[in-house]
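**Student:** First the structure, which I've put down as structure tokens, then a few questions once you've had a look.
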Amino acid sequence: MLLSLVYQLVRSLLGLLKMLVRSDVSKDVELLVLRHENQMLRRQLCGRPR
């Protein structure tokens, strides 16, 4: 019974850690996409740089 409780606790902590890491990665990807969109909009407004 104690082993089962410890197993569930470790599993929950690993799931939380996985969620935190994934959220950091998803934020980085979102920033890259937004930067790319900004570059594309600037090119449409100002024309291609020479």
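**Student:** Length gain on complete extension for the stretch Ser23 to Arg11, per 0.36 nm per residue less the alpha carbon to alpha carbon distance? Before the final figure, lay out each step's value.
**Tutor:** Values: separation 12, 0.36 × 12 = 4.32 nm, distance 1.84 nm.
So the chain would gain 2.5 nm between Ser23 and Arg11.
**Student:** Where the only charges are on Cβ atoms (+1 Lys, Arg; -1 Asp, Glu), what is the dipole of the chain about its Cα centre, to the nearest 20 debye? Spell out each step's value before the answer.
**Tutor:** Details: 9 positive and 4 negative charges, 72 e Å.
It works out to roughly 340 debye.
**Student:** Please report the equivalent ellipsoid semi-axes of the chain, computed as sqrt(5 x eigenvalue) of the Cα gyration tensor, largest first, in whole Å. Numbers along the way, then the final one.
**Tutor:** On the way: eigenvalues 452, 6, 3 Å².
They are 48, 5, 4 Å, listed from largest to smallest.
**Student:** Hey, another quick one. Can you give the angle from 0 to 90° between the axis of helix 2-46 and the longest principal axis of the chain, with both taken from C-alpha atoms, to the nearest 10?
**Tutor:** Helix 2-46 and the main axis of the chain meet at about 0 degrees.
Any read-out appearing in this document is the output of simple, stated calculations on the displayed coordinates, not a laboratory observation. All figures in this text were calculated on a predicted structure; none of them were measured in a lab. Because the Cβ atoms are built from the backbone with ideal geometry, glycine has one as well, and the counts that use them run over all protein chains shown.
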